[in-house]
Every structure is written in structure tokens, then in C-alpha cells.
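Chemist: Got a structure here, written out as C-alpha cells. Questions coming.
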């Protein structure tokens, strides 16, 4: 994976005297607030009326040739965090302890000039050592005692490549080395121990739990991101052991050549194929119906569906959206969050979605005055 | 307005034996069904498992250089229809009585070869007569007696230009003629009587109410569409009189040079400016916060807000969305439908919206696995 790290201007802390949105109550000296929560999400930290952005803001955008890996990594990391730090009790803060230049040196190859590099030296150009560690993200979890925010834990996500793309000559052909699941895990565990040791050297992080979660990157040409496969919650300096995570992502409908890996997969694929043919019959010129599916412990846990077609009027968009909401209820599995983006070319025209824990599909049409 | 009417292949009625989604109940011979309704929308007609598209499908796409005029015209026409044919009692069908070639000839200029043209002959090239009638759309309203659908009324929207753009020489400079509000109305009423007379000649339309609604097109460079200003419900051959409609659309925030037209406008603009500065303070790099506002009888009746910014992570998108939902509740007027599209570049990342009649803002984040 080519790594063109763009220089990102770290946002300097602006202490402009902007009004804090939330009323401050008794503590008028309090200069922070939160974004408010909703749908089981964390509240986020606002400082002096501004969102407190990450010290390594933007580094993941540059790290991923496949943007599905970025979104999936970041959302997946929050999913892991919720296992350890409940959104009911903790407030989310973008990572404040690892800055852009630190992460840039960690993510690069190890060398005399860069002893902190987590990736091995290149070796032979004709047969290079893979870069294993592709992205790292820090999340901080806080509590609010009414006067100040206090750090209660840090979660670090580490994305490990499942394949490594390289060129033997500049502008020459591209080669790919597959990296086995065992090797992905092994390299993740090695990186995790190094990261834990380094974080414990920071004064602020000596006594808080540090969670490290390992993510297997999807290949660059994948239409769905990778997934988290293990995490470790650590109170000391040594990795305390790993909890396995069984997440899997795939694209539906599956190419017919691909054999279903188990019968659950196969049923889900059939259901989706029914849904797809139903709406393709309904509407002329329908060009695409695809889904990203996530599995957890072998069961379908959520879907993001995209329907692309050419619409000729707002009334067509309205009718189609209503029809899709009805077909979704009838053909798609119940009990899991699903969203369906209805778009023409690349512009979204409507959204149909069902939240986790709900049995109702909501629709919203993107209209115009 | 240049008129490059693309040849649109009219969808031939496909009688493929696709399965009708809705269960047919007692009438197994019934070959139609509806899309299902929701949010006060009409049910739409499905025939033999397929959505029944308009006989003039796509003509409005070609008629409008400004796509805001198309969306606003079509949605506005449905709004007018709801005054006459309640979605509780009537089913919507895309127009089946005016086909593409009929509308093409009506929308063109009158000439020896095209006696049906609703627009005047060009006249002098250096000082041409404006083309007044820019777009026409038909909607049909039906009832279902359990065995078949029956036509109960037709609604025709007519879009009249508020300015006319022309060139004296091919590839020469562009000139604009403003068309006064009085002239827009007068031309609309003339076209309406001609259209009514022609429709009554069709056997199927001799005994149903025909509603004609007049729309004033926004200029080509407008960031919001035009609006409907009158409609007429007719049982006979002569236009029976006009009901005035007081809709107005505008873009917020208003340029400071523009004087507020009345104090209600000015308050709405101030509220929106507060909302805008609140979220611009909150988040770095915020590039744009604009709104389309619709007024009805002088009161703000709805808003479509677009917030464009550069996001660097999914956690930023989540936090920002929560914050916007809170700021919307606090700063934006209550009791009207509002949606807020949160996007980076041209890709939508999240939606925050409140439906008509609701006091809750819902949020949905467009995530990825």
C-alpha cells in the first residue's frame, strides 16, 4: 500500500471566547461541554465551544488507499470501545496522546533514522518485507465529575494488512504478497506490545486501562472494509491476553462462483437476491443493487444497501422509496440495523433505514424547494 | 431557456408475469397493486408488478436548465394535488394521457408545422418573443373499487418563465428579458384554457375534474426553484376561476444587501444566521451552511439545509451530527419540516431531519462496513 502521508496542519487549540452551547449550570468556570448523545452513541467533548479534534487528525485519510478500510476501521473501533467503556458512563474524546508526527514515524519502516518504525526495513527491493501495520487510531474515554473531564481509559486500534502490494522497479508492474491470518495476528500482537510499552511511558497514561484492538485490512480492491478480530484490555505493562472477536464483512450478492461458506450465509444471500430481483422487476432501468453485510459470531449483524437507478421525476423517487421500504420489511432479515441508499448517478435521492433495536423502516426523501 | 428536447424512449408496457408484491386478496384477476403509503404520501399504481411510469417520462429533465425548477415543480405540484385529492382517498398514477410527443409539440413555438405550440412564433431574431411555457406535467388520481382502478381526476402543472434568455446571433452574447408577475399570470391563464379545451376532447377525460396549477419558474442561476401561485379546479370546458396560492422560496442566509421583505423573513434569517455561526464556531474548516426556505402565506413552512465540510474521521462525523441535531432543536423554528444534509465534497455523510407534525429531529449516519 503506497503511503503518501500528506502534511496535515494540526488544529491549534483556539481559545476564542465562543459561547458554549450547553448551559453551564453551577460551574461557570467549566470551559467544556458535550455534543449530546443519541441512538446509543457517545457524547463527544467540546472545549471552549469547539469540537476537540484529534492530535493526529486526518492521518487515516492518507493511510488508506481503500476508503472502505478507513470508515470500517473507525466505526469498528468505536464498536469495540462500547464493549469496555459503555456510552452510558463514558464520554468520547478524539485521541489527544498520539500526534501526527508520532504516528507517522510508528507507521513507517524501521531504520537508523526512524528507530520507532513498527514496520520492518524494506530488505531486498525484488522481494521486500511487507509493511504490516497500516493504520493506528487512538480514542480516549472520559468521565465528567461536573467540574472537569477526567481520562479513564484509552483505546488503540491497529490495522494490519492482509496483503502487501509492491513494485520491484519504479513504474514497473505491481506485485502482491498475501499475508496469512496467522501472520496478521502475530504481527498485530507484536505491534500491540510495543505500543503498550510506549504509551505507559507517558505520564498521563501510566494508570489508566489501555485497550488495544486488532483489525485485518481488506485488500485495496475490496468493496467492503476489513474487520476487528481481537482486543486486549491492559492495566499493566504487558499485554494481558487476547479476547477473540468474530466479525466478518462481505459484499452481496455473492458471485455465483463463490461457494457459500455456511448455510446461514447462503440463506442471507438468497434473501438479498429475492429483494434485489423484486425491486429490479418493479422499476425500469434499475442499474445496481448491492450490499455490504457484516457478520458477528456467524450471524448477519447489519447491512448497508445501495440502489442506483435513473429517476425521471420526484414522483418516481417518492413511489420507489415507499416500495423499497415495503420490500425491505418483507424480504430482508428482521432484528438487525439496515440502511438503503437510493441514488441516481452519485447523488443520493432518498434513504430508507431501520435502527438497531427497531422494527420500523423509516424513509426520508431528499427533496428541494 | 434553451430547449434541447432529448428523444426519450417511452417505456413500452411490459406485461411480463412478474409477481405482484402485495397480496391480491379476493381478486386474483386483479393485475395491479400499490406502492404502500407513508408520511402522508400517496400510494402509487403498480401494474403487473411494475411501477406504471408516465407516458411523458423524462420530458421535464430535458425542459429545465435549472434542476431546482424541476424538483420544486414536481414536488410542488403534488402539494397542490393534496388540496384537491386527499392521499387518504386517492391513489396517485403517473400521467397516462399526455405523451412525450404531444408535450414536445405543446412546449414548442407555434408554427405552420406545429399549430399546437403554446409558445408564440419567434418574431424578430434581434428581439424575439419570449417562450413563456417551460414545462407541463400531468398527474392522475384514482380510486380502487377492489376490482379495478378508476380515474377520478387529473392535475396539470404549467411552469411559466419569469425570464427569457436568448441570443441574437448563434454563439453571440446572451440577453435576458424579464417577464413581469402579471405577464407570468396572464400567459399561464391563456395556456391553461387551451390545455383544458384540448384535454376535454379526450374521451377518458370528458367527465373528470381537471385541476390546472400555475408555477412561476425561478431564473436559471437561482439556487432554489420557483413556486406555484394559482390553481383552478374545473368540471366543464371553461376555466372556472383561480384560487391564489401564496408560496415563496428563498435562499438563506440572505445577502446583506438584500432588504428583508418583512419582519418574519428577517427573524427567520437571524435565526438561521445564529444556527450557522454556532456550528461554524464548533467545527474547524466548515466551508458552507446554506438553506432553501419555503414560505406559505407569509410564514416559514419548511427548510432544506446543506452543511458542507471536510471530515477526517467517522468519529468526527458522528459527533458533528449529534451536535447539529441539538443546535437545530435550539436555533431553528419549531413546527415545520426541516432537513439538514451533512456532506463532505459532494458525498453525503449524514442526515438530520424533522418531519412535518413531529417535534423530534432524527439522525442517520451513512456508515460503511
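The values are calculated or read from the model by the stated rules, or taken from the named source; none is laboratory data. Everything quoted here is computed from the prediction, not taken from an experiment. FYI the Cβ positions are ideal-geometry reconstructions off the backbone, even for glycines, and counts take in every protein chain you see.
Chemist: If I filter region B:220-228 for residues that are in the same structural domain as residue B:86 (by TED's automatic domain parsing) and not in a loop (DSSP other than H, G, I, E, B), do I get at least one hit?
Modeler: Looking for residues that are in the same structural domain as residue B:86 (by TED's automatic domain parsing) and not in a loop (DSSP other than H, G, I, E, B), one finds at least one in region B:220-228, hence yes.
Chemist: A follow-up question, please. How many residues are more than 9 Å from every other protein chain (Cβ to nearest Cβ), within 20 Å of residue B:265 (Cα to Cα) and not in a helix (DSSP H, G or I) when one looks only at region B:302-335?
Modeler: 6
Chemist: Only one of A:294, A:278 is within 11 Å of chain B (Cβ to nearest Cβ) and in a strand (DSSP E or B). Can you tell me which?
Modeler: Sole residue among the options that is within 11 Å of chain B (Cβ to nearest Cβ) and in a strand (DSSP E or B): A:294.
Chemist: Considering (1) surrounded by fewer than 16 Cβ atoms within 10 Å (Cβ to Cβ); (2) within 14 Å of chain A (Cβ to nearest Cβ), say which one residue B:116 fails and leave the rest.
Modeler: Residue B:116 satisfies all of (1) surrounded by fewer than 16 Cβ atoms within 10 Å (Cβ to Cβ); (2) within 14 Å of chain A (Cβ to nearest Cβ) except (2).
Chemist: Pick from region B:347-366 the residues that are under 19 Å from residue A:40 (Cβ atoms) and part of a loop (DSSP other than H, G, I, E, B): which of them is nearest to the chain's Cα centre (by Cα)?
Modeler: B:361
Chemist: Still on this structure, please answer the following. What number goes with the only condition from (1) farther than 30 Å from residue A:302 by Cα; (2) part of a loop (DSSP other than H, G, I, E, B); (3) in contact with a strand residue (DSSP E or B) (Cβ under 9 Å, 6 or more places away or on another chain); (4) free of Cβ contacts under 8 Å to residues at least 60 places away in the same chain that residue A:171 does not pass?
Modeler: Tallying (1) farther than 30 Å from residue A:302 by Cα; (2) part of a loop (DSSP other than H, G, I, E, B); (3) in contact with a strand residue (DSSP E or B) (Cβ under 9 Å, 6 or more places away or on another chain); (4) free of Cβ contacts under 8 Å to residues at least 60 places away in the same chain, residue A:171 fails exactly one: (3).
Chemist: State whether the residues of region B:188-201 include one that is assigned to a loop (DSSP other than H, G, I, E, B) and in contact (Cβ under 8 Å) with a residue 12 or more places away in the chain.
Modeler: no
Chemist: Filter region A:284-319 down to the residues that are in contact (Cβ under 8 Å) with a residue 40 or more places away in the chain and under 25 Å from residue B:55 (Cα atoms) and list them by number.
Modeler: Across region A:284-319, the qualifying residues are A:314, A:317, A:318.
Chemist: Which members of region B:244-259 meet the condition of being loosely packed, with under 13 Cβ neighbours inside 10 Å and at pLDDT 95 or above?
Modeler: Listed by number, the list holds a single entry, B:244.
Chemist: Take region A:57-89 and flag every residue that is more than 7 Å from chain B (Cβ to nearest Cβ), closer than 11 Å to residue A:139 by Cβ and buried (at least 22 other Cβ atoms within 10 Å of the Cβ).
Modeler: The answer is A:77, A:80, A:81, A:85.
Chemist: While we're here: Collect the residues in region B:43-56 that are more than 8 Å from chain A (Cβ to nearest Cβ) and in a loop (DSSP other than H, G, I, E, B), keeping them in residue-number order.
Modeler: B:48, B:52, B:55, B:56
Chemist: Go through the residues of region A:90-97 one by one and say whether even a single one is outside any loop (DSSP other than H, G, I, E, B), surrounded by fewer than 22 Cβ atoms within 10 Å (Cβ to Cβ), modelled with pLDDT of 95 or more and within 9 Å of chain B (Cβ to nearest Cβ).
Modeler: no
Chemist: Against the conditions (1) free of Cβ contacts under 8 Å to residues at least 60 places away in the same chain; (2) outside any helix (DSSP H, G or I); (3) more than 9 Å from chain B (Cβ to nearest Cβ), where does residue A:369 fall short? Just the number, please.
Modeler: (3)
Chemist: Across region A:336-366, what is the number of residues that are more than 9 Å from every other protein chain (Cβ to nearest Cβ) and surrounded by fewer than 15 Cβ atoms within 10 Å (Cβ to Cβ)?
Modeler: Residues in region A:336-366 being more than 9 Å from every other protein chain (Cβ to nearest Cβ) and surrounded by fewer than 15 Cβ atoms within 10 Å (Cβ to Cβ): 6 in total.
Chemist: Does any residue of region B:158-180 turn out to be buried (at least 22 other Cβ atoms within 10 Å of the Cβ), closer than 21 Å to residue B:94 by Cβ, modelled with pLDDT of 95 or more and under 22 Å from the mean Cα position of the chain (by Cα)?
Modeler: Checked against the condition, which is being buried (at least 22 other Cβ atoms within 10 Å of the Cβ), closer than 21 Å to residue B:94 by Cβ, modelled with pLDDT of 95 or more and under 22 Å from the mean Cα position of the chain (by Cα), region B:158-180 yields at least one hit.
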